[in-house]
Amino acid sequence: MGKPKVLLLGNIDHAQLTWDALSEVAELTTSSAKDRAAFLAEAKAGKLDGVVAAYRTFPSVAQTGLWDAELVDALPKSFKFIAHNGAGYDQLRPDALLARPADKGGPIIATNVPTAVDDATADTGIFLMLGALRNFNTSIMALRRNAWRGETPPALGHDPQGKLIGILGMGGIGRNFANKARAFGMRVAYHNRRELDAAAAAGATYLSFDELLAQSDVILVSVPLSPATHHLISTAEFAKMKTGVVVVNTARGAVIDEAALVKALDDGKVGSAGLDVFEEEPKVHPGLVANDKVLLLPHMGTWTKETQTKMEEWCIGNVRSAVEGKYEQMSVIGEHKEALAELSK
Ligand SMILES: NC(=O)c1ccc[n+]([C@@H]2O[C@H](COP(=O)([O-])OP(=O)(O)OC[C@H]3O[C@@H](n4cnc5c(N)ncnc54)[C@H](O)[C@@H]3O)[C@@H](O)[C@H]2O)c1
């Protein structure tokens, strides 16, 4: 019997040697599909037969579309694992992957790359928070059009010291951000679906969702995007916030209703914002682009050599563990832990 096949969707940019070394245990293959229709056609024509695991990047969604029921249905029976190179896996539909019936190959197990992203993403959040608090974007724009601080000087910014940062989603990135925010003298509160134990909370105060909205001077959005968190923050939630609140989003654009944010900024309810993520990337709402009070980054959260390298190495590690049957070493997504345990029996 030949080696199991592993499919690469997207590029390996930093961990090429580790990827090449996978060929010791697997036959490495790629897809020539340029879009979802072509990918589905390849799968249905049997070109992916024998593939056991795939490595995928965030941009490879252009090649496959979402990993939903339609895509799952087209995959060969041999396909068992999808290793996603990222922490947030909203491009996968965990339910659809799990629901594949036994006669079609049974559940497909997904892994992600948590924790390796924490520092770089939290650092990006700190940059956006300070920049938004200080209104730096207005003066950056003025300087670049050779107008020094602008025709009228920008409004004075605010110091982080003593302000309450409310972290919505106190996971890996949220907790990392909390530590850094403390170094700036901020008071830290958070909201999660459940209160953390004392060690994980590390002194941060647990607030209900509404309390967090009402009391925070700065709100960091750090929850995964899912049907439950889509537009978690919209008109009603902005109305509950302090006037002049600073909103930072390093999670996913669609957790915030972008049109409602534009309005809240225009009304002065939200004082300024720092955004790394957008509802329809790479498109950015024109109301955000037009507003100097918004500091914008094009999804740069993990855009560092060290972090991208760590992520690739980790993701390839998940593929290798899957192929070698070392399931306990895989960082499986929360929704698939039980299915992996079944497989391990
Ligand atoms: N900007 C970037 O480049 C970048 C990089 C990495 C991750 N991300 C995004 O950041 C998100 C968070 O990453 P993480 O590694 O901290 O994830 P994580 O799973 O460690 O933490 C997420 C936290 O959110 C909480 N949560 C989930 N749903 C909630 C809800 N409805 N209300 C309140 N809390 C809720 C969870 O309990 C968990 O504590 C990812 O899902 C991803 O979308 C963005």
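Straight Cα distances below 20 angstrom link LYS337 to the aspartates and glutamates ASP68, ASP90, ASP95, GLU324, GLU328, with same-chain residues fewer than 8 positions distant left out. Computed over neighbours whose Cβ is under 9 Å from that of GLU27, the net charge equals +2, Lys and Arg +1, Asp and Glu -1.
Extending 7 Å from the Cα toward the beta-carbon at both PHE184 and SER344 defines two label points whose distance is 3.9 nm.
Taking Cα atoms only, the orientation of helix 305-324 departs from the longest principal axis of the chain by about 30 degrees. Once the 1.4 Å probe is applied to the protein heavy atoms, the chain comes out at 47 Å² accessible per residue. Distance between the 7 Å Cα→Cβ label points at THR205 and LEU17: 5.1 nm. When both bridge partners sit in the chain, DSSP labels roughly 5% of those beta bridges antiparallel. Express the carbon and sulfur contribution to the solvent-accessible surface of the range 117-296 as a percent, rounded to the nearest whole number, probe 1.4 angstrom. With neighbouring chains kept in place, the figure for the range 117-296 is 56 percent. In this rough spin-label picture, where each label sits 7 Å from Cα along the Cβ direction, the ARG145-GLU313 distance is 4.6 nm.
The overall shape of the range 193-326 is oblate: from the C-alpha gyration tensor, with semi-axes ordered a ≥ b ≥ c, the ratio a/c is 1.5 or greater and a/b is no larger than b/c.
Using the rule -39500 (n - 2.57) for each DSSP H run of four or more residues, divided by the residues of the chain, the 222 nm mean residue ellipticity is -10000 deg cm²/dmol. Trypsin sites (Lys or Arg not before Pro) within the range 142-234: which are DSSP loop residues with at most 10 other Cβ atoms inside 10 Å? Taking the range 142-234 and a limit of 10 other Cβ atoms within 10 Å, the loop trypsin sites (Lys or Arg not before Pro) found are ARG145, ARG193, ARG194.
In this structure, the residue pairs whose Cα-Cα separation is over 19 Å, taken from LYS80/LYS326; LYS47/LYS326; LYS180/LYS263, are LYS47/LYS326; LYS180/LYS263. Pairing the Cα long axis of helix 118-133 with the longest principal axis of the chain, what angle in degrees results, from 0 to 90 and rounded to the nearest 10? The answer is roughly 20 degrees. Bridgeable aspartates and glutamates around LYS242 (alpha carbons under 19 Å apart, same-chain partners fewer than 8 residues away excluded): ASP159, ASP210, GLU211, ASP217, ASP257, GLU258, ASP266, ASP267. Each part reduced to its alpha carbon centroid, the range 208-233 and the range 1-28 end up 39 Å apart.
The values are calculated or read from the model by the stated rules, or taken from the named source; none is laboratory data. It should be emphasised that the depicted structure is a prediction, and the values quoted were computed from it without experimental measurement. Because the Cβ atoms are built from the backbone with ideal geometry, glycine has one as well, and the counts that use them run over all protein chains shown. All accessible areas refer to the heavy atoms of the entire protein, side chains included, with ligands and DNA or RNA removed. Shrake-Rupley method; radii C 1.70, N 1.55, O 1.52, S 1.80 Å.
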